[in-house]
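Below: the structure, in C-alpha cells.
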C-alpha cells in the first residue's frame, strides 16, 4: 500500500470500513427479521418474494460490500480485516434488544475476548505492499 496517503484518504478508508461494519450488522438483523417473516408466512411468494426485510437485507449486504471494497483500496487487508470481527459483537448485542434474545455471562466473556483480539491483531498489522 502507499505510505504517503493523505490524512483525508486514510480517514475516508476508515469511515468506509466503519460503514461496512454498520451495513453488514444491519444486514444480519434484517435477515433475522426476514427469517421470522418467512416462518410466519409460509410459501414462496409470501415468505420470500414479498419479504421486504429480505430485500433490504440484500441491499444492505451489497452496500457493505461496496464499503469494504472502498476501504481496501487504501487500507492493508491485515489492518482492516480484524475489524470485521466487530460484526460478531454488534449483531448479537443488537439482536438481544431487537429480538429479545438472551445473552449469557459466558457469551459476554466471549465478546470481551473478541474485542481484545480485534485490538491486538489490528494494532500489529503492517504493510510493505507497494504499487
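Listed peptides 73-86, 100-113, 13-26 appear in the order 13-26, 73-86, 100-113 once ranked by packing, highest mean of other Cβ atoms within 10 Å at the front.
When every Cα-Cα distance of the stretch 1-62 is counted in 10 angstrom steps from zero, the calculated P(r) takes the values 23, 33, 19, 14, 9, 2 percent. Extension gain for residue 98 to residue 77 (0.36 nm times residue separation, less C-alpha to C-alpha distance): 4.4 nm.
Residue separation of residue 61 and residue 8 scaled by 0.36 nm, minus their Cα-Cα distance, works out to 16.5 nm of gained length.
In units of 2.2 N^0.38 Å, what is the alpha-carbon radius of gyration of the chain?
Numbers: Rg = 17.7 Å, N = 131, 2.2 N^0.38 = 14.0 Å.
Relative to the 2.2 N^0.38 Å estimate, the chain comes out at 1.26.
Angle of helix 52-72 to the longest C-alpha principal axis of the chain, folded into 0 to 90 degrees and rounded to 10: 10°.
What is the helix-to-structure angle for 7-40, meaning the angle in degrees between its Cα long axis and the longest Cα principal axis of the chain, kept from 0 to 90 and rounded to the nearest 10? Around 20 degrees separate the two axes.
Taking the 0 to 90 degree range and rounding to the nearest ten, how far is the long axis of helix 87-99 tilted relative to the main principal axis of the chain, both from C-alpha atoms? The angle comes out at about 30 degrees.
What residue among 45, 115, 89 shows peak mean-square fluctuation when the chain is described by a Gaussian network model with Cα springs under 10 Å? Ranking 45, 115, 89 by mean-square fluctuation puts 45 first.
None of the figures in this text is laboratory data; all of them are computed from the coordinates on show. For clarity, every value in this text was computed on a predicted model and none was experimentally measured. With ideal geometry, Cβ positions are generated from the backbone for all residues, glycine too; neighbour counts draw on all protein chains shown.
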